[in-house]
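Bear in mind these aren't lab numbers, they're just calculated from the coordinates by the rules spelled out. Quantities reported herein were computed from a predicted structural model and do not represent experimental measurements. Glycine gets a Cβ as well: all are built from the backbone with ideal geometry, and neighbour counts include every protein chain shown.
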Amino acid sequence: MTDRLAPGDAAPDFTLTTDTGDQVSLSDLRGRKVIVYFYPAAMTPGCTKQACDFTDSLDSLRGAGYEVLGVSKDKPAKLAKFRERDALTITLLSDEDLAVHQAYGAHGEKKLYGKVVEGVIRSTFVIDEDGKVEVAQYNVKATGHVAKLRRDLGLD
C-alpha cells in the first residue's frame, strides 16, 4: 500500500498525456491552484457523473483560480471518446501504468461490494500555487463530490 498524502506534503510532480495527445506537467501549473482527481474508469456511471459535475463547475472553479485535471488508467483514445460523448471540458489525463496513482496513494486495497480488492481509489487533491497538497480526500463518492469540494473550499 502506497502512503497516503496529507495537507502540507509536496505534491508528486508528473507529466501525463491528454486525450488529444498533448503532455501536461503539474510543475507547469505552478502559481495556480490545481484540483487533481483520480477516477476508476471513463464512461462508467459514477465516473461520468463526477466528470460532468466538474465540467459544470469548471468556469466558476477557474474563476476562483483552480484548474481541474482528471486522471485515470484509460488510454488517451478512450478518454477522447469520453470527452466527446459527454461534452467534457476538463483536462483528462492517461496514467496507464498507474505510476501517478501510486505516487498519490490513489491505487491499492479497497473494499468493493464487501470484498477487499486491488484497484483505483477514487481520490481528490487540491494543490496550492507552490505545489503543496492543500486538501487530500480518499474514497470520495462520485455523486455530490464536486458540490462538497466546493463547500470545503469556501466556493459556495
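Rounded to whole numbers, the Karplus 3J(HN,Hα) couplings from phi for the range 110-117 are 8, 9, 9, 6, x, 9, 7, 10 Hz, using 6.51 cos²θ - 1.76 cosθ + 1.60 with θ = phi - 60°, and x at Gly and Pro. All distinct Cα pairs of the chain go into the 1/r average, and the inverse of that average, the Kirkwood radius, is 15.5 Å.
Hull volume per residue, based on the alpha-carbon atoms of the range 55-108 and their convex hull, is 86 Å³.
The distance linking the range 1-73 with the range 107-156 is 11 Å (Cα centroid to Cα centroid, whole angstrom).
With R₀ set to 35 Å, the beta-carbon distance separating LEU112 from VAL135 gives a calculated FRET efficiency near 0.90. Pairs of C-alpha atoms in the range 1-78 farther apart than 14 Å represent 69 percent of all such pairs.
Taking amide H as placed 1.01 Å from N in the peptide plane, the amide H of ALA11 sits under 5 Å from that of LYS132, VAL133, each at least 5 places away or on another chain. With a simple spin-label model that places each label point 7 Å from the Cα along the Cα-to-Cβ direction, the separation between SER27 and ALA147 comes to 4.0 nm. Taking amide H as placed 1.01 Å from N in the peptide plane, the amide H of LYS33 sits under 5 Å from that of GLU67, each at least 5 places away or on another chain. Based on C-alpha pairs under 8 angstrom that are at least 6 apart in sequence, the range 76-156 has a relative contact order of 15 percent.
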